[in-house]
Each structure stands twice: as structure tokens, then as C-alpha cells.
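Student: Sharing a structure below in C-alpha cells format, with a few things to ask.
The values are calculated or read from the model by the stated rules, or taken from the named source; none is laboratory data. Remember, it's a predicted structure, so these values are computed and weren't measured experimentally. Neighbour counts are summed over all protein chains in view; Cβ atoms, including those assigned to glycine, are modelled from backbone coordinates with ideal geometry. Accessible surface is based on the protein model in full, side chains and every heavy atom, while ligands, DNA and RNA are left aside. Shrake-Rupley method; radii C 1.70, N 1.55, O 1.52, S 1.80 Å.
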Amino acid sequence: MFEPSQRIELEYPTHTHVRLIERSHYKRRHLVVHRMRDLVADPLTPAEFLRRPYVARSRWLMTAWDERIDEFRQFYLGSTAQFRSPGCLRIVIEDHNADPPRRLIGRQYEPNVFDRRLMVRMMQKWLREQPDLYDKIRVIADDMRLLG
């Protein structure tokens with residue numbers, strides 16, 4: 001993928017809310033990559049997901065310096081014009097002492113308001129009923145396809 005300090009240009013939507021992203025227009029961004037995060041290898045914690053559950057997320061999360069606004073920003077590559085992907089998510093339980101170390105719970109959640117609302121409710125329910133799961137529940141990107 002991209003390396004730290006690499007200069008890139010991406011077409012990124014003006015809105016990344018799952019309700020608005022399809023109607024959003026793209027703006028060219030001039031970026032300097034700071035770091036890349038793979039949501040398969042390094043999933044989101046409950047707090048990270050619940051802070052902004054309606055963001056259109058995908059496998060690769062890039063933190064980069066946006067040269068136009070002189071600030072660090074985060075960009076999900078699946079939302080870009082160049083690397084569009086469906087942005088489906090799954091809730092998993094990680095247990096490094098188990099085999100396999102990751103267990104899928106629930107179903108795949110699509111990038112729409114209905115599914116994200118359901119995902120929030122399910123995650124909150126599991127955490128309320130089993131608070132010891134907090135350190136084990138994670139959110140991963142589930143759909144690795146690119147859209148043309």
C-alpha cells in the first residue's frame with residue numbers, strides 16, 4: 001500500500017456519512033502519508049467504532065498530512081475514487097488463547113444507516129450483558145472487493 005512520508009493525491013468525498021457518501025462529490029487531496037492501519041490486522045475497538053459509527057469505513061485507514069489545510073486527517077481508502085470498496089463491517093471477538101483466535105459474531109453489516117444502527121445496538125447489548133467482552137470485541141472490515 002502506501003509508505004510513511006510518501007506524497008500522494010487522492011479523490012476523497014466531501015461527506016463520509018453512510019447516508020451521504022453516494023451523493024457526495026470528490027475533492028482532490030494532496031497528502032503526505034503518516035501511517036496506514038489495516039482494519040483486518042488491527043481492528044477498531046468498541047470505543048473507536050462507537051465514537052463515529054456512521055462513517056463509511058473500509059479496510060485501509062490512512063493518517064496523512066493534508067497539505068491544503070495544514071492538518072493531519074484520516075482517510076478510509078475504500079471511500080476514495082481510486083480505491084472504492086463496499087465498506088462492509090463485522091463484529092468479532094478476539095481471544096489470542098483460542099483456536100482460531102478470532103470468532104465472528106452476528107452478521108455482516110452493510111454501509112447504510114439501518115445496518116450501522118443495528119450494529120451499534122448489538123454491540124451495546126453484548127457489552128452491557130457481558131462487560132468482560134470489552135477488551136475482546138473488535139470491528140473489522142469484512143469486504144475486500146474493490147468497486148469499478
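Student: If I filter region 104-148 down to residues being surrounded by fewer than 12 Cβ atoms within 10 Å (Cβ to Cβ) and within 19 Å of the chain's Cα centre (by Cα), which single residue comes out as nearest to residue 39 (Cα to Cα)?
Tutor: We begin by selecting, within region 104-148, every residue surrounded by fewer than 12 Cβ atoms within 10 Å (Cβ to Cβ); these are 114, 121, 125, 128-129, 131-132, 135, 145, 147-148.
Those left that are additionally within 19 Å of the chain's Cα centre (by Cα): 114, 121, 135, 145, 147.
Details: 114: 22, 121: 21, 135: 16, 145: 14, 147: 18 Å.
If we take residues in region 104-148 being surrounded by fewer than 12 Cβ atoms within 10 Å (Cβ to Cβ) and within 19 Å of the chain's Cα centre (by Cα), then 145 is nearest to residue 39 (Cα to Cα).
Student: List pairs: first residue in region 1-19 and within 17 Å of residue 85 (Cβ to Cβ) and part of a strand (DSSP E or B), second residue open to solvent by less than 40 Å² (accessible area, probe 1.4 Å) and among the charged types (D, E, K, R) anywhere in the structure, Cβ distance under 7 angstrom, at least six positions apart or on different chains.
Tutor: Filtered contacts from region 1-19: 10/29; 12/29.
Student: Listed residues 104, 147; which is in contact with a Lys or Arg (Cβ under 6 Å, 6 or more places away or on another chain), at pLDDT below 90 and assigned to a loop (DSSP other than H, G, I, E, B)? Step through it out loud before you land on a result.
Tutor: Numbers: 104 fails: assigned to a loop (DSSP other than H, G, I, E, B).
147 is the lone residue from the list that is in contact with a Lys or Arg (Cβ under 6 Å, 6 or more places away or on another chain), at pLDDT below 90 and assigned to a loop (DSSP other than H, G, I, E, B).
Student: Collect the residues in region 34-65 that are within 14 Å of residue 16 (Cβ to Cβ), open to solvent by less than 70 Å² (accessible area, probe 1.4 Å) and more than 9 Å from the chain's Cα centre (by Cα), keeping them in residue-number order.
Tutor: Result: 53, 54, 62.
Student: Pairs please, first residue from region 35-49 and in contact (Cβ under 8 Å) with a residue 40 or more places away in the chain, second anywhere and part of a helix (DSSP H, G or I) and of a type in the set (Phe, Trp, Tyr), Cβ atoms under 8 Å, 6+ apart in sequence or on different chains.
Tutor: Within 8 Å, the pairs are 46/134.
Student: What number of residues in region 86-101 are touching a residue at least 12 places away in the same chain (Cβ under 8 Å) and either open to solvent by 20 Å² or more (accessible area, probe 1.4 Å) or within 12 Å of residue 138 (Cβ to Cβ) (or both)? Let's see the steps before the verdict.
Tutor: First, pick out the residues of region 86-101 that are touching a residue at least 12 places away in the same chain (Cβ under 8 Å): 86-95.
Subsequent filtering for residues that are either open to solvent by 20 Å² or more (accessible area, probe 1.4 Å) or within 12 Å of residue 138 (Cβ to Cβ) (or both) retains 86, 89-95.
Qualifying residue count, region 86-101: 8.
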